[in-house]
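The values are calculated or read from the model by the stated rules, or taken from the named source; none is laboratory data. The shown structure was predicted, so the numbers you read here are calculated from the model rather than taken from an experiment. All Cβ positions, glycine included, derive from the backbone under ideal geometry; neighbour counts span all protein chains shown.
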Amino acid sequence: MMLTVFLKDEVVARGSRGEVVPTMRALQPLERSSDLLAFDDDTGRQIDLDLRPEADAPRPRGRPSLGVEAKEVTLLPRHWEWLAQQRGGASATLRKLVEEALRKGRTAKDHHDAAYRFLHVMAGDLPHFVDLVREMYAGNKVGYDHFSYDWPRDIRDHGRRLAFPD
């Protein structure tokens, strides 16, 4: 997972969790912790990172360290029957289906949605936000640039990178 970290409206770190956390720790203490925000570059979602030194301690081996989570899935009976017939069981089959969908790639809408999530947090109160979102979902890079021209450079550029990856 690649992350981008902002201090107010400027990028202060980009990279994996292991690369950005030391930079974030070096910035502590801040007047307001809400001035330091980290975003997942794939989804545009704001994420919380544990900056405490003890968070770096080695974790025990096993599935939890792989990030496997048990959650509820609701399906129709015919779906459960189909899953039961698949080799490896329901969980393995569902994981394979999800991985296959992820390999197919992301659509323009996926990129626009990620950019919207990021921009909503960082630029939702800036001038022309609604106009920019309209242009972004229309796929209009020129409109995006026009409506974000006066925005802080790092916010404008990161939003554009999420919306229109080259």
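Beta carbons closer than 6 Å, at least 6 apart along the sequence or on distinct chains, pair a first residue in the stretch 84-101 that is hydroxyl-bearing (Ser, Thr, Tyr) with a second that is not in a helix (DSSP H, G or I) for 93/86. Residues considered: 108, 114. Of these, the only one that is in contact with a Lys or Arg (Cβ under 9 Å, 6 or more places away or on another chain), hydrophobic (A, V, I, L, M, F, W, C) and closer than 21 Å to residue 4 by Cα is 114.
Residue by residue, here is whether (1) modelled with pLDDT of 90 or more; (2) in a helix (DSSP H, G or I); (3) farther than 26 Å from residue 161 by Cβ holds:
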| site | (1), (2), (3) |
| --- | --- |
| 11 | yes, no, no |
| 24 | yes, yes, no |
| 28 | no, no, yes |
| 37 | yes, no, no |
| 43 | yes, no, no |
| 59 | no, no, yes |
